[in-house]
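Take a look at the structure set out below.
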Amino acid sequence: MSNNKVVLAFSGGLDTSFCAVHLTKEKGMEVHAITINTGGFNEEDLKRLEKHAYALGVKSYKCVDVTKDYYEKILKYLIFGNVLKNNTYPLSVSAERVCQAIATAEYVKEIGAGSVAHGSTGAGNDQVRFDMIFNILLPEIKIITPIRDLKLSREDEISFLKKNNVQMDFEKSKYSINKGIWGTSVGGKETLTSNLPLPEEAWPTKISAEKTEKITLVFEQGELKGINDAKFKHPVDAIQKVNEIIAPYGIGRDIHVGDTIIGIKGRVGFEAAAPLLIIKAHHALEKHVLTKWQIYWKDNMSTWYGNWLHEGQFLDPVMRNIEVFLQSTQEFVSGKVFVALHKHRYLIEGIESVHDLMSAKYGTYGEMNKSWTGDDVKKVLLKYLAIRLPFITR
């Protein structure tokens with residue numbers, strides 16, 4: 001290969017650590033590792049990742065923070081659409097993989113690498129998402145996938161790294177954990193079964209909150225802009241604050257079962273406290289301020305949007321068309337949503353909005369309708385029967 005540079009999408013976990021050592025020591029390649037931060041790493045994490053990458057033998061290491069770009073291009077539309085895969089999963093990993101693949105592709109172009117590598121296995125969705133983006137944005141670049149190509153088990157990878165004197169916490173490597181602003185996925189031996197739950201020690205966030213707490217989420221045209229009396233410059237800051245408040249309650253833990261892109265069933269644990277609460281609160285507000293047909297078409301188009309994004313098809317132009325529609329539905333989605341937090345659960349107690357269609361000026365349910373009266377109903381029904389009855393009874 002004339003160009004020996006390879007860009008490795010690097011998370012620092014077991015798979016990408018194996019890739020770094022394998023590509024440098026066994027393939028003799030010049031590895032340039034890049035971590036794409038989608039809100040899951042703090043400063044201490046990134047320092048540890050950089051140190052770990054160089055210890056594995058990479059030529060260079062870089063971290064790019066795309067969290068706000070991730071929100072602007074993807075997350076806000078998942079909120080506008082109340083997107084939950086199979087009514088359960090907020091696309092925690094599938095959405096961020098798109099951003100990570102695009103940013104990695106840009107880095108390949110920036111440094112003039114001849115190939116790009118990722119640590120996906122041959123059994124899941126990530127291999128398709130990364131390959132899809134790389135083939136579209138880097139059509140002339142070779143894609144290298146050591147874990148998939150060598151058909152390695154996690155035990156195989158651990159054994160290889162130990163032989164190469166790599167220092168890692170291999171006990172933690174029993175679980176594959178991926179953390180971002182839109183949730184954390186957790187995979188392990190239990191999720192390879194259909195019946196076993198994840199043990200308490202597998203969940204990254206420990207339950208520490210006990211007392212009931214009430215919070216208010218403030219939306220402006222569909223975007224979360226405030227919590228209680230605090231306002232935030234950017235919705236990313238508000239999302240992170242929501243997660244800080246409610247994750248200790250154990251809210252947002254679940255196990256998702258779905259169809260993979262390659263046709264098999266997959267099962268993964270996740271904790272997504274902020275995404276789930278924000279989506280449900282946003283949905284509650286929409287039920288008050290949108291018409292029934294807006295909600296109907298939003299439900300249909302949002303489900304399709306989420307499924308297509310989940311399958312790595314973010315670059316399809318139809319996605320931009322649906323985003324325009326979703327944005328247009330948010331004009332009146334402004335107001336407050338009142339939430340009570342309890343251990344393992346939450347309750348949306350109500351909303352307050354100047355655009356509330358339950359306003360008393362339109363009528364009071366069960367008492368009187370001020371905009372469409374009973375007399376109007378009788379007139380319309382008589383007119384309809386006069387026109388249609390001869391055809392119905394013939």
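The values are calculated or read from the model by the stated rules, or taken from the named source; none is laboratory data. This one's a predicted model, so the numbers in the text were calculated from it and none came from an experiment. Cβ coordinates were reconstructed from backbone atoms using ideal geometry, including for glycine residues, and neighbour counts include every protein chain displayed. The protein model used for the area step is the full one, side chains on, heavy atoms only, and it has no ligands, DNA or RNA in it. Shrake-Rupley method; radii C 1.70, N 1.55, O 1.52, S 1.80 Å.
Miscellaneous remarks
- Student exercise, the chain dipole from Lys, Arg, Asp, Glu Cβ charges, in Debye to nearest 20: 700 debye
- Averaged over residues, the count of other Cβ atoms within 10 Å places the peptides 89-96, 105-112 in the sequence 89-96, 105-112, highest first.
- Qualifying lysines (Cα of each under 22 Å from Cα of Lys383; at least 8 residues distant if same chain): Lys370
- Sparsely packed GluC sites (Glu not before Pro) within segment 288-358, loop by DSSP, other Cβ within 10 Å at most 14: Glu331
- Residue pairs exceeding 28 angstrom between C-alpha atoms, taken from Lys151/Lys179; Lys59/Lys206; Lys59/Lys151; Lys5/Lys47; Lys211/Lys292: Lys59/Lys206; Lys211/Lys292.
- In this structure, the amide hydrogen of Ala117, modeled 1.01 Å from its nitrogen in the peptide plane, lies closer than 5 angstrom to those of Val7, Leu8, Ala9, Ile144, counting only residues at least 5 positions away or on a different chain.
- For the chain, the longest principal axis of the alpha carbon atoms and the long axis of helix 235-246 meet at an angle near 90°.
- Using alpha-carbon coordinates, inclination of helix 154-163 to the longest axis of the chain, degrees: 30 degrees
- From the C-alpha gyration tensor of segment 125-276, square roots of 5λ in Å: 34, 22, 16
- In the structure shown, the pairs Lys214/Lys336; Lys109/Lys163; Lys73/Lys233 are assessed against 23 Å; a Cα-Cα span above that value is assigned to Lys109/Lys163.
- Accessible surface, segment 241-323, averaged per residue in Å² (probe 1.4 Å): 42 Å²
- Across segment 89-230, Cα pairs under 8 Å and at least six residues apart give a relative contact order of 19 percent.
- Per-residue 3J(HN,Hα) values for segment 250-264, derived from phi via the Karplus relation 6.51 cos²θ - 1.76 cosθ + 1.60 with θ = phi - 60°, read x, 6, x, 7, 6, 10, 9, 10, x, 8, 6, 4, 8, x, 9 Hz in sequence order (x marks Gly and Pro).
- Percent carbon-and-sulfur accessible area, segment 67-111, ignoring ligands, DNA and RNA, probe 1.4 Å: 39 percent
- Its residue count N fixes a reference of 2.2 N^0.38 Å for the chain, and the Cα radius of gyration divided by that reference is 1.16.
- Counting DSSP beta bridges with both ends in the chain, the antiparallel % (nearest 5): 70 percent
- In the chain, the longest principal axis of the Cα atoms and the axis of helix 292-310 are about 10 degrees apart.
- In this structure the amide hydrogen of Ile251, modeled in the peptide plane, comes within under 5 Å of the amide hydrogens of His344, none closer than 5 places in sequence on its chain.
- Euclidean distance between Cα centres, segment 244-294 to segment 70-98, Å: 9 Å
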